[in-house]
Amino acid sequence: MNAADLTVTDLAVSRGGIPVLEGVSFTLSPGRALVLRGPNGVGKTTLLRTLAGLQPPMAGDISMPADAIAYSGHADGLKATLSVTENLGFWAAIYGTGGFDPVLEAMNLEALCDRLAGSLSAGQKRRLGLARLLVSGRPIWMLDEPTVSLDAASVALFAGAVRTHLAGGGAALMATHIDLGIAEAEVLDLAPFKARPSTVGGGGRGREFDEAFA
Amino acid sequence: MIALLLRDLRLAIRAGGGFGLGLAFFLIVTVLVPFGVGPEGDTLARIAPGILWVGALLACLLSLDRIFALDFEDGSLDLLATAPIPLEAVVTMKAAAHWLTTGLPLVVAAPVFGVLLNLQGEGFFWLTVSLALGTPALSVIGTFGAALTVGLKRGGLLLSLLVLPLYVPTLIFGAETVRRGTEGMETGAPLMLLAGITAASVALLPFASAAAIRVNLR
């Protein structure tokens, strides 16, 4: 284990006060990718949001380098009335990274750069959303269903971008149902970590409720 | 940080951004009042400071729910929360953008609208000064209210109910400054208190707003 790793030890996460996952442990080293699998509602998004720092964990430890994570959720965070260049330029300025021309090229967005984001198709928007990860310059990507609404060519483009990122010493944590064909990727099935309803706070909550009406 | 301010200003002037909405609302309020209370110059001159301040306050309120709601819906707020700039800076810039698109136009236009309410002599000067000092507080307090209600569907009404009581001190001292100015009395005390409210809100509320957003993003 070294300082650049993302290490998760015995992590428990909750959604709306109800525990969804517990005892999750893994290590993600630079150059590796980890694919999160599991049925709908198992807690993939909740786990990613917890790791990204958007919500506190219920229990367990997360250790990672500071300012390492670029998070990409279900929504792309695009402004419909700004052009592709303006959208991407904003994030480049926020992350303090300079030119984003290579990124436009990498995600095949050059021809669209003067179009308003609102007039893009769903797949094009998704590509622009993923381009934001490339301008962030952050080492650990956290991707929640990154390939939704992408066509086969764009999925290949995206897989290429992830592979380049891994080759450059980055890491990626993805929740996805499809096979991206990334050889370095390991798969973590979240189903065995599903929280039992009687543990952590679930049962206690029920008891408090009963007491209130006793 | 500046990038965020520029983006918000750009969004405000693009289609559907709502720039000028507050100003138009303010104009309508000042036009409606003489219809309601009658055209007597003396009556209008007496109520003008209060009406102009209430109008400015309501105009500010109009665009508050857009501050975070749109960013929350399209996921930008999640991404900003994980970005390298602190959330306190994000809310400060959001408040600044709201003031530049709503408060500043009100400050500039208020003396013109004062004519419609027969505002007297010195009142024009003091109206501009008090609005310039007071409207930043309206934006910052409003941003706090918007941060509290960010995750709620159609939280606009709740937002108004939360924010309007917090606007009371600003309204009292702002309108008092203009009334005293119009009557040629000393304006120092209410103006200082108004400036104090603004300074305290700008210094403290961004931390409260950022904390509220962190809770609401969970």
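Every number in this text was worked out from the coordinates using simple rules, so none of it is lab data. The model shown is predicted, which means the values in this text are computed figures rather than measured ones. Reconstructed Cβ throughout: ideal geometry from the backbone, glycine too, with neighbour counts over all protein chains shown.
Tabulated data for the structure shown
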{"quantity": "Choice from A:Ile178, A:Ile140, A:Ile69 with maximal GNM fluctuation in chain A (Cα, 10 Å cutoff)", "calculated": "A:Ile178"}
{"quantity": "Cα-based shape type of segment A:144-192, given that a ≥ b ≥ c are square roots of the gyration tensor eigenvalues and the cut on a/c is 1.5", "calculated": "oblate"}
{"quantity": "Per-bin percent of Cα-Cα distances, the protein assembly as shown [20 Å]", "calculated": "23, 45, 25, 7, 0"}
{"quantity": "Candidates A:Ala75, A:Ala92, A:Ala195: whichever shows maximal mean-square fluctuation once chain A is modelled as a Gaussian network with Cα springs under 10 Å", "calculated": "A:Ala75"}
{"quantity": "Point-charge dipole on Cβ atoms (K/R +1, D/E -1) for the protein assembly as shown, about Cα centre, debye to 20", "calculated": "360"}
{"quantity": "Dimensionless Rg/Rh of segment B:1-88 - Kirkwood Rh, Rg from C-alpha atoms", "calculated": "1.17"}
{"quantity": "Peptide A:95-107 - average C-beta neighbours from other chains (10 Å radius)", "calculated": "1"}
{"quantity": "Value in Å of the Kirkwood radius, where segment B:110-161 supplies the Cα pairs that are averaged", "calculated": "13.1"}
{"quantity": "Sorted by Cβ neighbour density within 10 Å, fewest at the top, the residues B:Arg46, B:Arg180", "calculated": "B:Arg46, B:Arg180"}
{"quantity": "Ordering of A:35-43, B:69-77 by packing [mean C-beta count within 10 Å, highest first]", "calculated": "B:69-77, A:35-43"}
{"quantity": "Charge-dipole axis of segment B:2-217 as Lys and Arg at +1 and Asp and Glu at -1 on Cβ define it, positive-most pick from B:Phe25, B:Val107, B:Ile2", "calculated": "B:Ile2"}
{"quantity": "Descending semi-axes in Å of chain B, equivalent ellipsoid built from Cα gyration tensor", "calculated": "32, 18, 14"}
{"quantity": "Binned Cα-Cα distance frequencies in segment B:34-141 - 5 Å width, integer %", "calculated": "2, 11, 20, 17, 14, 11, 8, 6, 5, 3, 1, 0"}
{"quantity": "Principal-axis tilt of helix B:87-98 within chain B, Cα atoms, nearest 10 degrees", "calculated": "40"}
{"quantity": "Cα centroid of segment B:1-58 to Cα centroid of segment B:119-140, whole Å", "calculated": "13"}
{"quantity": "Average other protein chain Cβ within 10 Å of Cβ, residues B:76-88", "calculated": "6"}
{"quantity": "Residue mean of other protein chain beta carbons inside 10 Å, B:206-217", "calculated": "1"}
{"quantity": "Kirkwood Rh, Cα atoms: Rg over Rh of segment B:118-218", "calculated": "1.09"}
{"quantity": "Percent of Cα pairs exceeding the 14 Å cut-off, where the set is segment B:174-215", "calculated": "58"}
{"quantity": "Charge dipole magnitude, Cβ of K and R +1, D and E -1 - segment B:2-217, Cα centre, debye nearest 20", "calculated": "360"}
{"quantity": "Taking all pairs of distinct alpha-carbon atoms in chain A, Kirkwood radius in angstrom", "calculated": "18.4"}
{"quantity": "Signed unit charges on C-beta, dipole axis of segment B:2-217, positive-most listed residue B:Leu80, B:Met185, B:Ala212", "calculated": "B:Leu80"}
{"quantity": "Given charges at beta-carbon only (K, R positive; D, E negative), |dipole| of segment A:36-139 in Debye", "calculated": "420"}
